[in-house]
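Asks: Below is one structure. I have some questions about it.
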Amino acid sequence: MSSTMTVSGPTTGTSRTSPATETEGDPAGNRRVFPPGFLWGAATAAFQIEGAAAEDGRTPSIWDTFCRVPGAVVGGDHGDVACDHYHRWPEDLDLMSRLGLQAYRFSTSWPRIVPEPGRIEPRGLDFYSRLVDGLLERNIQPWLTLYHWDLPQWLEDLGGWTNRDVADRMTEYALALHDRLGDRVRHWSTLNEPWCSAFLGYSGGQHAPGRQEPQAAVSAMHHLLLAHGRTARALRSVDRDITLGFTVNCTVSDAAHPWHPEDAVLARRTEMLLQEVFLEPALLGRYPEGAAEAYASAGVTIPVRDGDLAEIAAPVDFVGVNYYNGGAVCALDVPEDEALPTQAAVTRPTSDPNVGLGSSTLVSRRLPRTAMDWEVQPDGLRRLLEYLHREYTGPAGIPLYVTENGAAFDDVVSPDGSVDDAERTAYVLDHLAAVADAAARGADVRGYFVWSLLDNFEWAYGYAKRFGVVHVDFATQRRTPKRSALAYAAVIRSGGLGGAGTVGP
C-alpha cells in the first residue's frame, strides 16, 4: 500500500448523503431482521466468468480486444477461459443451491447473441436458455442484465457508444433475448454501471475500448441512457408484466476538510457526476442542475436531441445499487504518493476519467482497506440507501436492490483447501447490517446480491484481485466456498443477523 494523506480533524459530511449524527449502526447490538420477502442473491458478469471466447459462434467483444493491448491489463490477463462457466455452469448452479441463494444476477454476452451485424446466434441463446432452466429447476430466480460492458467489437468499429445508432442495436439484441427467454426470465436490467462504460472506457482509458477523449465519454453517457430508455420501452411493449430496472454504481462522498468550501463543493459534484447524471435522466427526465456547466468547463457538451430525455425516462420497476466504498475528497493538489490509489497498476498510459470534476484527490481516513485500496465504510451504504430512497426511488414508488456489494482481499488457501477469509466475511456481514439498518429507517430496499459468487477476471486488474465468496483455482477450475460464503448462507437461512451485525459461519 502507498503512504496516505492523513485528514486532520473529524471528517463530517457536506454532501446530500451526509452521515447522521447518531451512533453508527445499532449500539445495543440487537438482532437485525430483514423485511419480509427480502431477496438473497449473488452476482456475476458474462465476460468475467464465462470463457469460451471463440466457441459456438461468439465473436470478440471490446474487452477481448482491449486485453490484447500491451500494458492494458495486469499480467496481460484475458477472459478466454476465465472461470470456464460456459462449460461448468451446472456445477456453479449446484453451488448456488447449496448456499441457499434465491436469485442469481448474471449478464448475457452481447457478442455471443449478435456476433455480427444482423445475425442472431442460436447457440448463444441455447446456452442462456439452459442456464435459466437450470436456475429455475433449483428454485433460483434469474435476474438478467443485458449490458455489463462487453460491447461487440464490430459495434465499436462503428463508433461504439459514441454512435447514437448503438441504442437501436441494443434494442434488437434485447428483443432477441426476450423472444427466447421472456417466458421464464421476469427480472431484466438494461445497464450495469454505465459510468464505468462511458468514463473509464472513453475518457480515462482504464477500461475497454480504452479511448481517452472527454467528448466521446459524455456522448457515450448520453447514448447509454438513450439505449436504456429505448430498450426498456421495447421490452415493455412486448411484455406488459416484465419487471425492468437498471443499475448504477454509487458512492457517498464527503469533504476531506469540511471547513474548506472547495472540498464541500467537490463532494457534491462528485456524487452528481458519478450517479445523479444517470439517476435523474432515467427517473426524472432531466440532467441534474450543474451537469452541463461541469462538462462545459472541460470543453464538452451533452448531445441531447429533442425528445431524448422523455425517451430516456421510461418507467422502471426497480433501481439496482452497486456500492463498494465511500470516499473523502480533497480539492487541493497533493503529492501522488499521498493519495489513495484509484486504478490498477498497468503500464499503458491512462487519463483522468472524471470529466468536469476538476482537481480531486481521494485521501485516507485511516479506515481499513481492501486489496483494492478501497476504504471499508459500511455505514456509507446505509446513508446511500436512505438518500436514494428519500430523493429518488421513494417519491417514484419503486424499490431499491443492492445489486453488487463485496470486497477483494488477498486470500490464503489452507493446507486442507479451505479459505478463512475473515476480512471479507466481516465486510459482508457489516454491510448487510447497514442494509438492515436502512430498511429499519424506512428505505424500501428489497434484496442483496453479493459480489461476487466466484473469483473471476477483474477487468484491468486481471486475476490479481479476488472478489468471490467462492474460491476458484484457475489452474484446475476447482471451486471452494470460503468462510464468507458459509457466513452468507447462514444469514440466508436465519433471515437476519445476530447482535452487533455478526453471525457464525
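Asks: Please turn the phi angles of the stretch 98-106 into ³J(HN,Hα) values with the Karplus equation 6.51 cos²θ - 1.76 cosθ + 1.60 (θ = phi - 60°), one per residue in order, whole Hz, x for glycine and proline.
Replies: These are the phi-based 3J(HN,Hα) values: 5, 7, x, 4, 9, 8, 10, 8, 10 Hz.
Asks: Name the residues whose placed amide hydrogens come within less than 5 Å of the amide hydrogen of residue 101, ignoring near sequence neighbours (fewer than 5 apart) on the same chain.
Replies: Residues meeting the amide H criterion: none.
Asks: Alpha carbons only, please: Rg and Dmax for the stretch 81-228, in angstrom.
Replies: 16.1, 47
Asks: Restricting attention to the stretch 301-375, which chymotrypsin sites (Phe, Trp or Tyr not before Pro) occupy a DSSP loop and are surrounded by at most 11 other Cβ atoms within 10 Å?
Replies: Passing sites in the stretch 301-375 do not exist.
Asks: Assuming R0 = 41 Å, what is the FRET efficiency of residue 317 and residue 420, from their Cβ-Cβ distance, to the nearest 0.05?
Replies: 0.55
Asks: What fraction of the DSSP beta bridges in the chain is antiparallel, stated in percent and rounded to the nearest 5?
Replies: Rounded to the nearest five, the antiparallel share is 25 percent.
Asks: Now, a different point. Kirkwood hydrodynamic radius for the stretch 228-342: how many Å is it when counted over pairs of different Cα atoms?
Replies: Here the Kirkwood hydrodynamic radius works out to 16.4 Å.
Asks: Once you order the gyration tensor axes a ≥ b ≥ c over the Cα atoms, which shape class does the stretch 326-432 get: rounded for a/c under 1.5, otherwise prolate or oblate by comparing a/b with b/c?
Replies: Numbers: a/c = 2.02, a/b = 1.04, b/c = 1.95.
Oblate, because a/c is 1.5 or more while a/b does not exceed b/c.
Asks: Hey, got a sec? Which trypsin sites (Lys or Arg not before Pro) in the stretch 219-279 land in a DSSP loop and have at most 13 other Cβ atoms within 10 Å? Write down the numbers at each step before the final one.
Replies: Working: sites: 230, 233, 236, 240, 268, 269; in loops: 240.
Those satisfying the criteria are 240.
Asks: Got the relative contact order for the stretch 391-505 handy, in percent, Cα pairs under 8 Å and 6 or more residues apart? Spell out each step's value before the answer.
Replies: Numbers: 174 pairs, mean separation 33.4, N = 115.
The value is 29 percent.
Asks: Could you state, as a whole-number percent, how many of the C-alpha pairs of the stretch 288-362 are farther apart than 15 Å?
Replies: Numbers: 2055 of 2775 pairs.
Of all Cα-Cα pairs in the stretch 288-362, 74 percent lie more than 15 Å apart.
Asks: Still on this structure: Which one of 456, 231, 302 has its Cα pushed farthest toward the positive end of the charge dipole of the chain, where Lys and Arg give +1 and Asp and Glu give -1 at the Cβ?
Replies: Going by the Cα projections, it comes out as 231.
Asks: Please report Rg (one decimal) and Dmax (integer) in Å for the Cα set of the stretch 390-501.
Replies: Spelled out, the Cα radius of gyration and Dmax of the stretch 390-501 are 15.9, 53 Å.
Asks: Then there is this: Calculate the tail of P(r) for the stretch 26-88: the fraction of all Cα-Cα distances greater than 19 Å, expressed in %.
Replies: The proportion of pairs with Cα distances above 19 Å equals 52 percent.
Asks: Counting only heavy atoms of protein chains, what accessible area per residue, in Å², does the chain have with a probe of 1.4 Å? Show your work: numbers first, answer last.
Replies: Working: 18120 Å² over 505 residues.
Result: 36 Å² per residue.
Asks: Pairs of alpha-carbon atoms within less than 8 angstrom and 6+ residues apart define the contacts here; what relative contact order does the stretch 337-452 have, in percent?
Replies: 29
Asks: Using semi-axes √(5λ) of the Cα gyration tensor in Å as the read-out, say which of (1) 57, 33, 19; (2) 30, 28, 24; (3) 41, 24, 22 was calculated from these coordinates.
Replies: (2)
Asks: Ranked highest first by the average count of other Cβ atoms within 10 Å around their residues, in what order do 484-496, 292-304, 457-469 fall?
Replies: Descending mean neighbour count gives 457-469, 484-496, 292-304.
Asks: Computing the accessible area with a 1.4 Å probe over protein heavy atoms, can you report the carbon and sulfur percentage for the stretch 208-253?
Replies: Working: 580 of 1290 Å².
So the carbon and sulfur contribution to the accessible surface is 45 percent.
Asks: For the chain, what does -39500 (n - 2.57) per DSSP helix run (n ≥ 4), summed and divided by total residues, give at 222 nm, in deg cm²/dmol to the nearest 500?
Replies: About -9500 deg cm²/dmol.
Asks: Restricting things to alpha carbons, find the Rg to Rh ratio for the stretch 167-213 using the Kirkwood radius for Rh.
Replies: 1.16
The values are calculated or read from the model by the stated rules, or taken from the named source; none is laboratory data. Owing to the predicted nature of the structure, the values given are computational and were not obtained by experimental measurement. Quick reminder, even Gly has a Cβ in these numbers, built from the backbone with ideal geometry, and neighbours come from all protein chains shown. The area values use the complete protein model at the heavy-atom level, side chains included, leaving out ligands, DNA and RNA. Shrake-Rupley method; radii C 1.70, N 1.55, O 1.52, S 1.80 Å.
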